[in-house]
């Protein structure tokens, strides 16, 4: 299955759920579940939404995280919002601003959910594989994030 097909399948599922009046929480959970279901390198997937000057965890699939609230500018997630740029960290042990969720995570991908210039939140993906995320993985998660930006 190609990445375009995979991402479009997730987007179709989100649109269908939206048509059936799925709540914001249900849409975020569906996105996390479907991305994680793709398998490696997607170990855990977290949906953080912006509430004032904090990112708040609203849904996830995979391992629990102690980081349910992250201030803007703190960690890889907070840096993504502060800079307005997605983050692809191939080796979290080399990132001075990494907030460890668990010892197994080797790489992290953070893709912003944005409507125009407004950042609504982000999809944060952890991988147990070092340098786990390619440009193709980034594009796949971005397609889901872009769909969420319209549906939320």
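Laboratory data are not the source of any read-out in this text; all were calculated from the coordinates shown. All figures in this text were calculated on a predicted structure; none of them were measured in a lab. Counting neighbours? That spans all protein chains shown, and the Cβs are built from the backbone with ideal geometry, glycine included.
What to note about this one:
- Taking the chain and dividing mean pair separation by its residue count, relative contact order in percent (alpha carbons under 8 Å, at least six apart): 24 percent
- For 29, 130, 85, order by how many other beta-carbon atoms lie within 10 Å, fewest first: 85, 130, 29
- Among 102, 117, 88, the residue with the largest mean-square fluctuation in a Gaussian network model of the chain, with springs joining Cα atoms closer than 10 Å, is 117.
- When the helices of the chain are scored as -39500 (n - 2.57) per DSSP H run of n ≥ 4 and the total is divided over every residue, the value at 222 nm lands at -12000 deg cm²/dmol.
- Which of 65, 105, 83 has the fewest Cβ neighbours within 10 Å, and the rest in rising order: 83, 65, 105
- Residue-span extension gain [residue 139 to residue 103] - 0.36 nm each, minus C-alpha spacing: 10.3 nm
- Per-residue Cβ neighbour counts within 10 Å put 42, 48, 60 in the sequence 60, 42, 48, beginning with the fewest.
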